[in-house]
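Chemist: Okay, here's the structure, questions in a sec.
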Amino acid sequence: MAWGVDDIRLTKIKVAPPKAGEVRVKVVANALCHTDLYTLEGSDPEGLFPCILGHEAGAIVESVGEGVTSVKVGDHVVPCYTPECKQPDCIFCASKKTNLCPTIRATQGQGVMPDGTTRFAAAADGTPIHHFMGCSTFAEYTVVSEISCAKVNPMADLETVCLLGCGIATGLGAVRKTTGVEQGSTVGVFGLGAVGLAVIQAAKLAGASRIFAIDTNPDKFEPAKALGATDCLNPKDHSDPVQQVLVGETKWGLDYTYDCTGNTEVMRSALEAAHRGWGMSCVIGVAAAGKEISTRPFQLVTGRRWVGTAFGGYKSRTEVPMLVDEHMSGELPLKQYITHRYSGIQEITTAIDAMHSGDVLRAVVSY
Ligand SMILES: NC(=O)c1ccc[n+]([C@@H]2O[C@H](COP(=O)([O-])OP(=O)(O)OC[C@H]3O[C@@H](n4cnc5c(N)ncnc54)[C@H](O)[C@@H]3O)[C@@H](O)[C@H]2O)c1
Ligand SMILES: [Zn+2]
Ligand SMILES: [Zn+2]
């Protein structure tokens, strides 16, 4: 069945104590991300609802379950939907090539904790409520796995560094980890929401010489320029496909391109705008269910590479605290992403309505 913003209910729930390997946290602030909306507005094949959405948050540890050692009561944490178990027998955590730790993947996808049960129930009648993305931060208290809890500098402002729980970290990591932009590179960013702007910010910090910002909404060009875009381009202003325009401007294409829209046609444009011989194109956007990407194989034969990223390739518990420290040092400003602020958990629906307007980068709700 189809769900929508009208199906969001503010309701009293019971949040059970954390079991072994789990942590109960008090959520301080939550930023909204489009993935919450996709889930809300998409169909529900797995029977995930009712559930508590939300996955970009700053929180404080309230209690810990048996065996938890990496965080203690009072620690400040960013819950992360990409966990990091750090176990020596986890070949994913042991590898430098990936951040995709699969330890709790199956149960996380089913909306339950690793023991197969939920910690949430409706206060009124005890109806079980599912978890979401291992976070469920649209709640004043939530329970997450210890391996999903990035412990951050207690001096950091949780109402700001909550942004590092998803979109902003993803854009930064796509540049730094997944593609590794070098000084002097040329870059093309398709889609200038918070994720695309974070790509621009990281590309500028990496010393990119030219950064093309591409969006069908020209209102996004000012924030893009403020972060380092050198050229702004609206595909609607050109009769030729945007990849042809970009190749025309640069002779051979761009060293690194990023799809930050989730549109599979844009993914193709980004790949075909990449430099002959070595251009790398990174898929960041999440496409609608069932969509496929295509290009002529010749594009790859002639040296372009297609890659993708989840959470920017960041190993969450190890690297999110490092991003927070970089922010604290002043080298990674984040405030520019927060265009809307709300106070009180009841404002989540107001924030979701605002997100449909198109002028929101990130809306942060403080509880
Ligand atoms: N891979 C990951 O781990 C990960 C993490 C977070 C978000 N995402 C995804 O990244 C994408 C971007 O997230 P966001 O929060 O910045 O979204 P957003 O909706 O705020 O931004 C998307 C931008 O793309 C622009 N756009 C739409 N169609 C376009 C087109 N045809 N050509 C050029 N621009 C176009 C829109 O005007 C908008 O400015 C989403 O698909 C989101 O689901 C992926
Ligand atoms: Zn997200
Ligand atoms: Zn692991």
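Chemist: Classify segment 287-346 as rounded, prolate or oblate from the Cα gyration tensor: take a ≥ b ≥ c as the square roots of its eigenvalues, call it rounded if a/c is under 1.5, otherwise prolate when a/b beats b/c and oblate if not.
Modeler: Taking the square roots of the gyration eigenvalues as a ≥ b ≥ c, segment 287-346 is prolate.
Chemist: If I histogram all Cα-Cα distances within segment 171-310 using bins 10 Å wide from 0, what percent of pairs lands in each bin?
Modeler: So the P(r) values, bin by bin, are 14, 50, 33, 3.
Chemist: Can you tell me the Rg and the Dmax, both Å, for the Cα atoms in the chain?
Modeler: According to the Cα coordinates of the chain, Rg and Dmax are 20.4, 65 Å.
Chemist: Another question about this same structure. For labels at Met328 and Glu249 in the simple 7 Å Cα→Cβ model, what's the distance in nm?
Modeler: Placing both labels 7 Å beyond Cα along the Cβ direction yields 3.9 nm.
Chemist: Can you return the aspartates and glutamates within cross-link range of Lys251? Criterion is Cα-Cα under 19 Å, with same-chain partners fewer than 8 residues away left out.
Modeler: Candidates past the 8-residue exclusion: Asp231, Asp240, Glu272.
Chemist: Let me ask another. Distances over 16 Å make up what percent of all Cα-Cα pairs in segment 1-100?
Modeler: Taking all Cα-Cα pairs of segment 1-100, the fraction more than 16 Å apart is 69 percent.
Chemist: Rounded if a/c is under 1.5, else prolate if a/b beats b/c, else oblate: with a ≥ b ≥ c from the C-alpha gyration tensor eigenvalues square-rooted, which is segment 175-258?
Modeler: Oblate, since a/c reaches 1.5 and b/c is not below a/b.
Chemist: Mind checking the full-extension length gain between Phe49 and Ile8? Use 0.36 nm per residue of separation minus the Cα-Cα distance, one decimal, nm.
Modeler: Roughly 13.7 nm would be gained on extension.
Chemist: Run the count for segment 86-219, please: Lys pairs, Cα-Cα under 22 angstrom, 8 or more apart or on different chains.
Modeler: Lysine pairs meeting the criterion: 9.
Chemist: Which far-off residues, 5 or more places away or on another chain, put their amide H under 5 Å from the one on Ala150, with H placed in the peptide plane?
Modeler: Placed amide hydrogens put Val78, Cys80 under 5 Å from Ala150.
Chemist: Would you mind checking which residues have amide H under 5 Å from Ser63's amide H? H placed 1.01 Å from N; only 5 or more apart, or other chain.
Modeler: Arg24
Chemist: List the cysteines of the chain that have no other Cys Cβ closer than 4.7 Å: which are they?
Modeler: So far as the 4.7 Å Cβ criterion goes, Cys33, Cys51, Cys80, Cys85, Cys101, Cys135, Cys149, Cys162, Cys166, Cys232, Cys260, Cys282 stand without a partner in the chain.
All of the numbers you see were taken from the coordinates with simple rules; none came from a lab. These numbers were taken from a predicted model, which means no experiment stands behind them. Here the Cβ is made from the backbone with ideal geometry for all residues, glycine too, and neighbour counts use every protein chain on show.
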